[in-house]
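Trainee: First the structure, then my questions, so here it is.
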Amino acid sequence: MVAVFLLTHSEPVRFDPGRVADIFMELGEDQAEQLISDAVEDVAVALSRLSKLGPHGSLTDIADVADGLARRAEHCGMIDLARVAGDVRGAAAQIDLAALGATMARLARVGDRSLAAIWGPANASL
């Protein structure tokens, strides 16, 4: 008899509330909300592009999209998302296809959770 185990991945996400507060202090409420809304849209588009590229897409394209995603996420305080996007960029740059597949899968999970968290009830005012 073969035992089958279902492994579930739980990816916590962290935000830098200080960065978000700084954005609101620097720009004011209306402009900060617009910047964060634009950033969330950019993140969603980048995640979609990476998903379409898949781990077997152009390594240059993957690295470029992941780099832009990392910078945008970091700018808006999405700590974990920025870090994992940087890991994808690094795996693509090193041509490490095993790591690239794993980090892209992790990026998808962290990205989904980050987007859900930023638009969750606690952040409804963003």
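Trainee: From (1) within 16 Å of the chain's Cα centre (by Cα); (2) closer than 18 Å to A99 by Cβ; (3) surrounded by 13 or more Cβ atoms within 10 Å (Cβ to Cβ), pick out the condition that doesn't hold for E74.
Mentor: Tallying (1) within 16 Å of the chain's Cα centre (by Cα); (2) closer than 18 Å to A99 by Cβ; (3) surrounded by 13 or more Cβ atoms within 10 Å (Cβ to Cβ), E74 fails exactly one: (2).
Trainee: Given R113, R109, which one is more than 22 Å from A21 (Cα to Cα), of a type in the set (K, R) and modelled with pLDDT under 95?
Mentor: R109
Trainee: Could you say which residue among A92, A63, A99 is over 27 Å from I118 (Cα atoms) and either in contact with a Pro (Cβ under 6 Å, 6 or more places away or on another chain) or touching a residue at least 24 places away in the same chain (Cβ under 8 Å) (or both)?
Mentor: Exactly one residue qualifies, and that residue is A92.
Trainee: Taking D30, is it in contact (Cβ under 8 Å) with a residue 12 or more places away in the chain and on the phi < 0 side of the Ramachandran plot?
Mentor: no
Trainee: Using the structure shown, decide if V110 is of a type in the set (V, I, T), within 24 Å of Q34 (Cα to Cα) and part of a helix (DSSP H, G or I).
Mentor: Yes, satisfied.
Trainee: Can you tell me which residue in the stretch 77-89 is modelled with the lowest pLDDT, limited to those that are touching a Phe, Trp or Tyr at 6+ places or on another chain (Cβ under 7 Å) and surrounded by fewer than 23 Cβ atoms within 10 Å (Cβ to Cβ)?
Mentor: Result: G77.
Trainee: Which of (1) farther than 21 Å from V110 by Cα; (2) modelled with pLDDT under 85 does H9 not meet, given it meets every other one?
Mentor: (1)
The values are calculated or read from the model by the stated rules, or taken from the named source; none is laboratory data. Model, not experiment: these values are computed from the prediction. Every residue, glycine among them, receives a Cβ derived from its backbone with ideal geometry; neighbour counts consider all protein chains shown.
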